[in-house]
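Participant: Here's a structure for you.
No lab work stands behind these numbers, since they all come straight from the coordinates. The model shown is predicted, which means the values in this text are computed figures rather than measured ones. Virtual Cβ from ideal backbone geometry, glycine too; neighbours counted across all protein chains shown.
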Amino acid sequence: MKSEEEQSAIFVRRFLRSYRLLHFIACRVLGDEERAPIAVQNCWRTSSRNLPHFEHEGAFRTWLVRVLIDEALAILRESQGEKDAAAADVNVAIWSTARLDDKH
């Protein structure tokens, strides 16, 4: 069993390896680069807080992407209303069906 410090270091490394992908997806969901870092930061906060509940190591990046999409949609809901966020969620579902795992 790894110590909490080792687990934290692993999480940081894996999150940072995924940063460019997360930023790209946030830009696509939000429609601009200005709010993308906010979504990524929210993803960091949410995923680090919920890491103890994550059980499937092979799907870590996929899990991060789902957390990010949820955070980006929350930003859209706050700024544009539910209708635009629902439309964005449909668009996300269409292009995110590609397999996103740690191998890519």
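Participant: Give the residue that is surrounded by the most Cβ atoms within 10 Å (Cβ to Cβ), with candidates limited to residues of the stretch 43-73 that are under 17 Å from Val12 (Cβ atoms) and free of Cβ contacts under 8 Å to residues at least 24 places away in the same chain. Spell out the reasoning first.
Facilitator: To start, the set of residues in the stretch 43-73 that are under 17 Å from Val12 (Cβ atoms) comprises 43-52, 54, 57, 60-61, 63-64, 67-68.
Narrowing the set further to residues that are free of Cβ contacts under 8 Å to residues at least 24 places away in the same chain leaves 45, 49-50, 52, 54, 57, 63.
Numbers: Arg45: 12, Arg49: 9, Asn50: 11, Pro52: 9, Phe54: 14, Glu57: 10, Trp63: 18.
Here the answer is Trp63.
Participant: Working only within the stretch 11-23, note down all residues that are surrounded by 14 or more Cβ atoms within 10 Å (Cβ to Cβ) and either of a type in the set (A, V, I, L, M) or within 21 Å of Gln80 (Cβ to Cβ) (or both).
Facilitator: Of everything in the stretch 11-23, those that are surrounded by 14 or more Cβ atoms within 10 Å (Cβ to Cβ) and either of a type in the set (A, V, I, L, M) or within 21 Å of Gln80 (Cβ to Cβ) (or both) turn out to be Leu21, Leu22, His23.
Participant: Starting from residues that are charged (D, E, K, R) and in a helix (DSSP H, G or I), keep the ones in the stretch 12-44 and report whichever is nearest to Leu73 (Cα to Cα).
Facilitator: Per the criteria, the residue is Arg28.
Participant: Of all residues in the stretch 9-42 being among the polar types (S, T, N, Q) and in contact (Cβ under 8 Å) with a residue 12 or more places away in the chain, which is farthest from Glu55 (Cα to Cα)?
Facilitator: At the first step, the residues of the stretch 9-42 found to be among the polar types (S, T, N, Q) are 18, 41-42.
Checking the rest, the ones that are also in contact (Cβ under 8 Å) with a residue 12 or more places away in the chain come to 18, 42.
Numbers: Ser18: 18, Asn42: 21 Å.
Selected residue: Asn42.
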